[in-house]
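Below is one structure, written out as structure tokens; the observations come after it.
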Amino acid sequence: MKFISVLLISFLLLPTQLIVAAEVNVYSARKENLIKPLLDRFTEETGIQVNLVTSQADTLIKRMQIEGRNSPADILLTVDVARLYRTKEHGLFKSIDSEILLNAIPEHFRDKDNEWFGLSLRSRVVVYAPERVNVDALSSYEDLANDKWKNRICVRSSGNVYNQSLVAALIAHNGIEATEQWATDFVNNFARKPKGGDRDQIKAMATGVCDIALVNTYYLAGMLNSDQSEDIEEAAKVKLFWPNQANRGAHMNVSGAGILKHGPNQKEALQLLEFLVSDEAQHWYAETNHEFPVKPGISASNILKSWGEFKADNLDLNLLGENNQQAVLLMDRASWK
Ligand code: FE
């Protein structure tokens, strides 16, 4: 009897032991509410369970380095090309062979060795207080070094990766020497010592601390779309200006992802990445984050559309990663705190 029940129990357990649910582990530097519904949709469509670990990008990169070969991470999802580049430099990503990704994502928004891929776009733009700035006085990032802007500019610190990437782009376009001179003069125009995030620069402008700021597009869109009336009022006091429309276009950056070399679920990871460039996912992801879809032909949110068509710089983003170190050193020499 005992033998039979043991046999029966083992038999009953057998099927569940054999069925290993397909899963994929995502390390994400994006806030959970900005990505979770999309991952749920993926699970619905494929039956693949997504395990999400959310933290700061640099914390996740460090964690994967410590975990080494035993890392459970299949996908890293993060913002700013400099971080994707850093992950690649640490040898954590693997090269991905996917026609779907190559066809969906323009070449300058993905890694040249196919180790990371942009999933959404943002521009770092000029915002200005129309009460105090005549829009005709604005033109380019380069022009922000002009002393007509003395004590009028707010921007966050040089430790911020978005500023580093902008400076890396300026190095790519204008060279180190010219960019160092630019940064020195730009810093001389600061209205205050850099502090806070991009939203704080908009708030400072709304209260008259400065007249111009550099911010990523989704922060302004997020404030305009906020459920806090204070955010909306402050954002309504500033206007967006697309820089460098007469020449190369506005500076662009990405949020993106790559597949980790040591991840245990490579096949599922690729399925998820390919899902993220589907038309449906591209639209939802961009809209939810107030970003531009990376895939051409997918429409952006109404707020983004209300800012009109603009010329985007099509600089190869690989250069932003390559120039990051130089940018950090240069900003330090220019006393950009
Ligand atoms: Fe951000």
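The values are calculated or read from the model by the stated rules, or taken from the named source; none is laboratory data. Since the model is a prediction, treat every value here as computed from it, not as a measurement. All Cβ positions, even for glycine, are placed from backbone atoms using ideal geometry, and neighbour counts span all protein chains on display. Side chains included, ligands, DNA and RNA excluded: accessible areas come from the protein's heavy atoms. Shrake-Rupley method; radii C 1.70, N 1.55, O 1.52, S 1.80 Å.
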Residues located in segment 292-315, provided they are under 20 Å from Gln245 (Cβ atoms) and in a loop (DSSP other than H, G, I, E, B): Pro296, Ala300, Trp307, Gly308, Glu309, Phe310, Lys311, Asp313, Asn314, Leu315
Odd one out for Val126 among (1) of a type in the set (A, V, I, L, M, F, W, C); (2) part of a strand (DSSP E or B); (3) farther than 22 Å from Lys311 by Cα; (4) away from the ligand (no atom under 16 Å from the Cβ): (3)
Those residues of segment 77-105 which are away from the ligand (no atom under 16 Å from the Cβ) and not in a loop (DSSP other than H, G, I, E, B), in sequence order: Tyr85, Arg86, Thr87, Lys88, Glu89, Phe93, Glu99, Ile100, Leu101, Leu102, Asn103, Ala104
Residue within segment 3-21 that is closer than 22 Å to Phe275 by Cβ, away from the ligand (no atom under 16 Å from the Cβ) and at pLDDT below 95 present: yes
Leu276 being modelled with pLDDT of 95 or more and more than 30 Å from Ala22 (Cβ to Cβ): no
Members of segment 62-71 that are under 11 Å from Thr87 (Cα atoms) and open to solvent by 10 Å² or more (accessible area, probe 1.4 Å): Lys62, Gln65
Verdict on Glu131 being acidic (Asp, Glu) and closer than 22 Å to Ala57 by Cα: no
Top-ranked residue in segment 172-206 [being without any contact (Cβ under 8 Å) to a residue 24 or more places away in the chain and on the phi < 0 side of the Ramachandran plot; ranked as nearest to the ligand (Cβ to nearest atom)]: Ala178
Among the candidates Trp149, Trp242, residue that is of a type outside the set (Val, Ile, Thr), under 19 Å from Glu291 (Cβ atoms) and more than 16 Å from the ligand (Cβ to nearest atom): Trp242
Residue within segment 43-56 that is assigned by TED's automatic domain parsing to the domain that holds Asp279, within 26 Å of Pro293 (Cβ to Cβ), within 16 Å of the ligand (Cβ to nearest atom) and assigned to a loop (DSSP other than H, G, I, E, B) present: yes
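Matching residues to (1) buried (at least 22 other Cβ atoms within 10 Å of the Cβ); (2) within 13 Å of the chain's Cα centre (by Cα):
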| position | (1), (2) |
| --- | --- |
| Ser120 | yes, yes |
| Val126 | yes, no |
| Val133 | no, no |
| Leu138 | no, no |
| Ile153 | yes, no |
| Arg156 | no, no |
| Ser165 | yes, yes |
Residue list for segment 225-237, restricted to those being within 16 Å of the ligand (Cβ to nearest atom), over 14 Å from Gln201 (Cα atoms) and outside any loop (DSSP other than H, G, I, E, B): none
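Condition check ((1) in the same structural domain as Ile35 (by TED's automatic domain parsing); (2) open to solvent by less than 30 Å² (accessible area, probe 1.4 Å); (3) in contact with a His (Cβ under 7 Å, 6 or more places away or on another chain)) across all residues:
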site: Ser229; (1), (2), (3): no, no, no
site: Ala236; (1), (2), (3): no, no, no
site: Ala246; (1), (2), (3): no, no, no
site: Gly258; (1), (2), (3): yes, yes, no
site: Lys261; (1), (2), (3): yes, no, no
site: Phe292; (1), (2), (3): yes, yes, no
site: Ser306; (1), (2), (3): no, no, no
Check on Val277, in contact (Cβ under 8 Å) with a residue 60 or more places away in the chain and either within 16 Å of the ligand (Cβ to nearest atom) or closer than 30 Å to Leu38 by Cα (or both): yes
